[in-house]
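Read through the structure below, which is laid out as structure tokens, and then see the notes.
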Amino acid sequence: MTFATEEELQWSFELASDAVYFASSDGQTKYYGFGKNAELIGGSFEQVQDWLAKVQQANPQPVFGGFAFDDQEINDSELMNGYFFQPAIVYDVVKQEIIGQNIDLVRQTQPKGAEIVTTEDETDWSARIQAAIDDMQQNSVHEKVVLGRQRQINLSLALNESQLIKSLQKTQPTSYHFVLKHCDELFVSATPERLVKVDGGKVATAAVAGTIKRGENQVNDEALADELWHDQKNRIEHQTVVETIKANLQAANIIDLQMPTAPQILKNPQVQHLYTPITGELPADNNLLGIVKQLHPTPALGGKPRTWALDKIAAIEKYPRGLFSGPIGVITPGADGEFIVGIRAMWYREKMANLFAGAGILADSDAAMEYQETGLKLLPMMNVLKEQILHD
């Protein structure tokens, strides 16, 4: 049996009604999945856990999908309100393994790529988030809220999905890649942020919070990194995330927690972040989805205190998030797997793409500067779209 080339796998993604592409930022994991043994639309953590046990007992194969950020529903979508599926066939590109029954991969004529027709931004976003800044200035208990905005893009034609994956790989080489396809909908993420990975009882997560742009050259880039590392607002924002993740892992009885005393710098093509890796040991009475439930949403995606932040998000953001900033990932039959955070992301359907970006808002935040930061965070998906157009 000949293993498919990655280009053949990308063509097959284009043809499939249900498909997934998942790659880790370190290049050690890369999956393509096609077809469908089973699916679950929506569902709580407990419902997904029960469904997962039954599905993987019947077919010991990986399951892919994601949870919506919160309970707000998107009326015209099955995918964005939470979706998990077990592909009929999974190709492990790194291990060169085929899980399930192999399928014939036939090259098809590639459709002409789409062009951007119109772009609509939330130009009133800065004014709306000022209410949250005023709230935090008046009430010190309200420490942080992450507020997002969406950019709506209308395209001239349907996306070329195989080229979309190539564009993702070219323009975002240091990020996670996640493309989930259900019927006529796609969710695409080039996130830098792992929520949690479980591998043989080892637990790994990270705090990613605090952002600055990349420099035009190495000297300027390092100067910006140094500015970020010493910036009080960003350090406070980052430490809030670190402390909350640590407390949530302790509540989940994670053993032997380890983390550095000061943050590192994580560089992506458009921005660089403060980054603190955190590791530990999984206790016998918990599992991957249990840790996901305990961690989500971190203050890097929600805020602190949690209930107040979620109320602010629902009141200030114009549109429900769905999978945007929700936990997305893979669970293997051995109960290992990895969930990432669905940011630097796009939801596509019917020649329309919604892009999402958010920023951590504190009492001393400047609304105009936060708008600029979210603009930088929209660039990964904008560049993916533009790269596709250039190669048609």
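The values are calculated or read from the model by the stated rules, or taken from the named source; none is laboratory data. Source: prediction; values computed, not measured. When we count neighbours, we look across all protein chains shown, and the Cβ atoms used for this are built from the backbone with ideal geometry, even at glycine. For accessibility, only protein heavy atoms count, side chains too; no ligands or nucleic acids. Shrake-Rupley method; radii C 1.70, N 1.55, O 1.52, S 1.80 Å.
At-a-glance table
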| quantity | calculated |
| --- | --- |
| Subset of region 220-256 [without any contact (Cβ under 8 Å) to a residue 40 or more places away in the chain, open to solvent by less than 40 Å² (accessible area, probe 1.4 Å) and under 26 Å from Ala284 (Cα atoms)] | Val242 |
| Within region 5-50, strands (runs of 3 or more DSSP E) holding 2 or more residues that are open to solvent by 20 Å² or more (accessible area, probe 1.4 Å) and out of contact with any Gly (no Cβ under 7 Å at 6 or more places or on another chain) | 30-34, 38-41 |
| Region 161-175, subset of a type outside the set (Val, Ile, Thr) and open to solvent by 10 Å² or more (accessible area, probe 1.4 Å), residue farthest from the chain's Cα centre (by Cα) | Gln163 |
| Qualifying strands (runs of 3 or more DSSP E) (wholly inside region 75-151; at least 3 residues being open to solvent by less than 50 Å² (accessible area, probe 1.4 Å) and either modelled with pLDDT of 95 or more or touching a helix residue (DSSP H, G or I) at 6+ places or on another chain (Cβ under 7 Å) (or both)) | 83-86, 89-92 |
| Qualifying residue in region 161-177 (condition: farther than 23 Å from Tyr371 by Cα, part of a strand (DSSP E or B) and in contact with a helix residue (DSSP H, G or I) (Cβ under 6 Å, 6 or more places away or on another chain)) | yes |
| Filter result for Asp364 (touching a residue at least 24 places away in the same chain (Cβ under 8 Å), open to solvent by 10 Å² or more (accessible area, probe 1.4 Å), closer than 30 Å to Pro60 by Cβ and of a type in the set (Asp, Glu)) | no |
| Number of the condition not met by Gly65 [criteria: (1) under 19 Å from the mean Cα position of the chain (by Cα); (2) surrounded by 15 or more Cβ atoms within 10 Å (Cβ to Cβ); (3) more than 30 Å from Thr307 (Cβ to Cβ)] | (3) |
| Residue check, Ala335 touching a strand residue (DSSP E or B) at 6+ places or on another chain (Cβ under 9 Å), open to solvent by 20 Å² or more (accessible area, probe 1.4 Å) and hydrophobic (A, V, I, L, M, F, W, C) | yes |
| Matching residues, region 257-306, being open to solvent by 40 Å² or more (accessible area, probe 1.4 Å) and of a type in the set (Ser, Thr, Tyr) | Thr261, Tyr275, Thr279 |
| Filtered residues of region 243-265 (kept if of a type in the set (Gly, Ala, Ser) and in a loop (DSSP other than H, G, I, E, B)) | Ala252, Ala262 |
